[in-house]
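Take a look at the following structure, please.
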Amino acid sequence: MLQMYGMIHLCNLEERMSRTDLGILMTACVCHDLDHPGFNNAYQIKARTELAIRYNDVSPLENHHCSVTFRILAIPECNIFSNVPDSKFAAIRAGIIRLILATDMARHSELLTAFKDRLKTFSFDDPTDMEMLQIILVKCCDISNEVRPMEVSEPWADCLLEEYFQQGDREKREGLPVAPLMDRDKVSKPQAQIGFIKFVLIPVFESVAQLFPQLEEAVIRQLRRAHERYEELHVLEGILQDEKAAKEQLKDKFRSLSAGNSKVSFTADNGTQC
């Protein structure tokens, strides 16, 4: 939510969107991960969980987040839209659902491609263009951890990676294929972050920056710094791994030499052959 609040002010969205649309954006950001179980859609589908069965393998988590959102809003003391007429609430509900469902990363390429196509003739007066912009803004905020300074973002990256690894551990225990980036024996933090920043984060923020150039300095520059930092860590990681491998080779060689010379004869001072 904080990221969306920042985007609204940084991009002066209050001049481009109605208060209702801004409320939809903020509510979707608050609710987009409600009751997340810590295991992604790929796991839900492979493990044939209750959520996957309930939602027919179609964005089970995002559908669940939507369902929980409106179950909470159905509680009178939690209904922030209680004074909204039913006709208007229907549009608000549809908007929130549309935005939360768009956070399924399986749809990332599809949605980014659609947004880029609309950028060619984008108009802030076109309702379809604005719906697409809202979708991309929510997606940006959903995955925007690396926009923050490294001292803030890196501990969160550690937590997220550990969540991934716990899913990988569970997949191994259950005999399921281990999802990409979730095998703690094969993936490192620099390795995971480099690809995500380069191929996911920077392209989506660069697309939005075509409408809001101020994002270049405020956001994209930080993403490039984070990418460079993880590249440096990746190189350092490689050096340390090489050093560790070299030490292991030396140990193996020493063991081999020791084993080959285990029977060494010598003559003691008293002339006894040992």
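In the range 1-47, what residues are of a type in the set (S, T, N, Q) and outside any helix (DSSP H, G or I)?
Answer for the range 1-47, where residues must be of a type in the set (S, T, N, Q) and outside any helix (DSSP H, G or I): N12, S18, N40.
Tally up the residues in the range 48-61 that are in a loop (DSSP other than H, G, I, E, B) and among the small types (G, A, S), please.
Residues meeting the conditions: 1.
Kindly indicate whether A94 is without any contact (Cβ under 8 Å) to a residue 60 or more places away in the chain, within 26 Å of R16 (Cα to Cα) and within 18 Å of the chain's Cα centre (by Cα).
Criteria not met by A94.
Does any residue of the range 253-261 turn out to be under 30 Å from E162 (Cβ atoms) and either touching a Ser or Thr at 6+ places or on another chain (Cβ under 9 Å) or at pLDDT below 95 (or both)? It would help to see each step written out before you state the result.
From the range 253-261, those under 30 Å from E162 (Cβ atoms) are none; that's our starting set.
Looking through the range 253-261, none of the residues is under 30 Å from E162 (Cβ atoms) and either touching a Ser or Thr at 6+ places or on another chain (Cβ under 9 Å) or at pLDDT below 95 (or both).
With the condition kept exactly as written, say whether any residue in the range 40-54 is open to solvent by less than 30 Å² (accessible area, probe 1.4 Å), under 30 Å from P127 (Cα atoms) and out of contact with any strand residue (DSSP E or B) (no Cβ under 7 Å at 6 or more places or on another chain).
Looking through the range 40-54, none of the residues is open to solvent by less than 30 Å² (accessible area, probe 1.4 Å), under 30 Å from P127 (Cα atoms) and out of contact with any strand residue (DSSP E or B) (no Cβ under 7 Å at 6 or more places or on another chain).
While we're on this one: For a quick check of your reading of the model, give me the residue pairs whose first member lies in the range 170-189 and is farther than 23 Å from L236 by Cβ and in contact (Cβ under 8 Å) with a residue 40 or more places away in the chain, whose second is buried (at least 17 other Cβ atoms within 10 Å of the Cβ) and among the acidic types (D, E), with beta-carbon atoms closer than 7 Å and at least 6 apart or on different chains.
P177/E171; A179/E171
How many residues does the range 155-186 hold that are among the aliphatic types (A, V, I, L, M) and more than 17 Å from G38 (Cβ to Cβ)?
0
Can we say E216 is open to solvent by less than 90 Å² (accessible area, probe 1.4 Å), modelled with pLDDT under 95 and in a helix (DSSP H, G or I)?
When the stated conditions are applied, E216 does not pass them.
Which of the numbered conditions does S82 fail, given that it passes all the others? Conditions: (1) within 25 Å of C140 (Cα to Cα); (2) in a loop (DSSP other than H, G, I, E, B); (3) of a type in the set (G, A, S).
(1)
If you don't mind, there's one more thing I want to ask. Is there a residue being over 20 Å from A91 (Cα atoms) and surrounded by 14 or more Cβ atoms within 10 Å (Cβ to Cβ) anywhere in the range 17-27? Lay out the reasoning, then the answer.
First, pick out the residues of the range 17-27 that are over 20 Å from A91 (Cα atoms): none.
Within the range 17-27, not a single residue is over 20 Å from A91 (Cα atoms) and surrounded by 14 or more Cβ atoms within 10 Å (Cβ to Cβ).
Report yes if S82 is touching a helix residue (DSSP H, G or I) at 6+ places or on another chain (Cβ under 8 Å) and over 26 Å from L161 (Cβ atoms), otherwise no.
Yes: the conditions hold for S82.
On to the next question. What single numbered condition from (1) out of contact with any Ser or Thr (no Cβ under 6 Å at 6 or more places or on another chain); (2) modelled with pLDDT of 95 or more fails to hold for D129?
Unmet for D129, out of (1) out of contact with any Ser or Thr (no Cβ under 6 Å at 6 or more places or on another chain); (2) modelled with pLDDT of 95 or more: (1).
The values are calculated or read from the model by the stated rules, or taken from the named source; none is laboratory data. Owing to the predicted nature of the structure, the values given are computational and were not obtained by experimental measurement. Heads up, the Cβs are rebuilt from the backbone with ideal geometry, glycines too, and the neighbour counts pull from every protein chain shown. In case anyone asks, the SASA skips ligands and DNA or RNA and just uses the protein heavy atoms, side chains included. Shrake-Rupley method; radii C 1.70, N 1.55, O 1.52, S 1.80 Å.
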